[in-house]
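First the structure, in the form of structure tokens, and then the observations on it.
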Amino acid sequence: MSHTVLLTGLPGAGKTRFKQEFAKLAPSVPVVELDLANESLSQLDLLESVKVWCLIDVRSKLQNAEAEQVLKRMLAKASGVILSFVDQADLMAQSYWQAWLNENLGSQVNCPRFRWFSTGLSSDWNWQAFGQKQSADAMIESLAPLSPLANYQRLAFAYDYGQGASPTNLEHLLLGLDASKENLGMQIWRVQGVVQTTEYINPVAIEGTVNRWDTFAGELINESGHLRIEGLNLDPTWLQQIMEASVL
């Protein structure tokens, strides 16, 4: 293949959505998402070179020092920066990220930037010229030991509403997760799922990142709900109690 793309960025930056949109534009180009457990790096073993694009969610400021350090290391290896969710970001947030990039790009001051809107990717975007190829071996070597990701955790919770599972009180759930971050030192970097709630008739999709919470209308599959929590220093027992306490 003449091109292979590696997408980096913090959890929730939009890598999966971008990959889906990019597949419409260039369906024959392989795209690999870097997950924070580094499991996806094995997909680069047989490649000679790769384009590395770092996605940044510009809707909110980044106020987590450890996540910021991880993002800086990803940025240092990127040959292009994709600013995601631009049409959902206010001017203050966009200005913050432009200033942050100017401060942290260093010797990569000429690293190209692409503003990605939720309306999709324009067919005239010259993605072939967006960022230079890099050695795949060098990328694997530099990203494999990316601290603190060796301890990155994933927890999954399931809800079988077809078998009578009770709905979740959304407010209690989000308050409990916030308290876990603020008071117990859990670094919750990603929350994703769809649940029935006491507040709404329709299912609710939950999208959480290190920066923000978002909720919107969701869809259950076979009357089953789910919730996935990812991050560092997670306490599975405590989080299980949060899930149970949120079910009324």
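The values are calculated or read from the model by the stated rules, or taken from the named source; none is laboratory data. These numbers were taken from a predicted model, which means no experiment stands behind them. In this analysis, Cβ positions are derived from the backbone assuming ideal geometry, glycine residues included, and neighbour counts consider all displayed protein chains. Ligands, DNA and RNA are excluded from the accessible area calculation, which covers all protein heavy atoms including side chains. Shrake-Rupley method; radii C 1.70, N 1.55, O 1.52, S 1.80 Å.
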Given only helices, namely DSSP H runs of n ≥ 4 each adding -39500 (n - 2.57), what is the per-residue ellipticity at 222 nm of the chain, to the nearest 500 deg cm²/dmol? -8500 deg cm²/dmol
In degrees, nearest 10, range 0 to 90: what is the angle between the Cα axis of helix 65-76 and the longest Cα principal axis of the chain? 30 degrees
Please give the Cα centre distance for the stretch 149-202 versus the stretch 53-106, rounded to the nearest Å. 26 Å
How many nm separate the modelled label positions at HIS226 and ALA205, each set 7 Å beyond the Cα in the direction of the Cβ? 1.4 nm
SER122/ARG154 FRET efficiency (R0 41 Å; Cβ-Cβ; nearest 0.05): 0.75
DSSP bridge orientation in the stretch 152-246 - percent antiparallel, rounded to nearest 5: 95 percent
Nearest-5 percent of antiparallel DSSP beta bridges in the chain? 65 percent
Extension reserve of the ALA23-LYS61 stretch, reckoned as 0.36 nm per residue once the Cα distance is removed: 10.8 nm
Put +1 on the Cβ of every Lys and Arg and -1 on every Asp and Glu Cβ in the chain; which of SER84, THR209, PRO167 then has its Cα farthest towards the positive end of the dipole? SER84
Taking the simple approach of a point 7 Å from Cα along Cα-to-Cβ for both ARG115 and ASP235, what is their distance in nm? 4.4 nm
So, with a 1.4 angstrom probe, what is the percent of accessible area on the chain that is carbon and sulfur? 49 percent
Considering only protein heavy atoms, what is the solvent-accessible area of PHE216 at a probe of 1.4 Å, reported in Å² to the nearest 10? 90 Å²
Cα-based shape type of the chain, given that a ≥ b ≥ c are square roots of the gyration tensor eigenvalues and the cut on a/c is 1.5: prolate
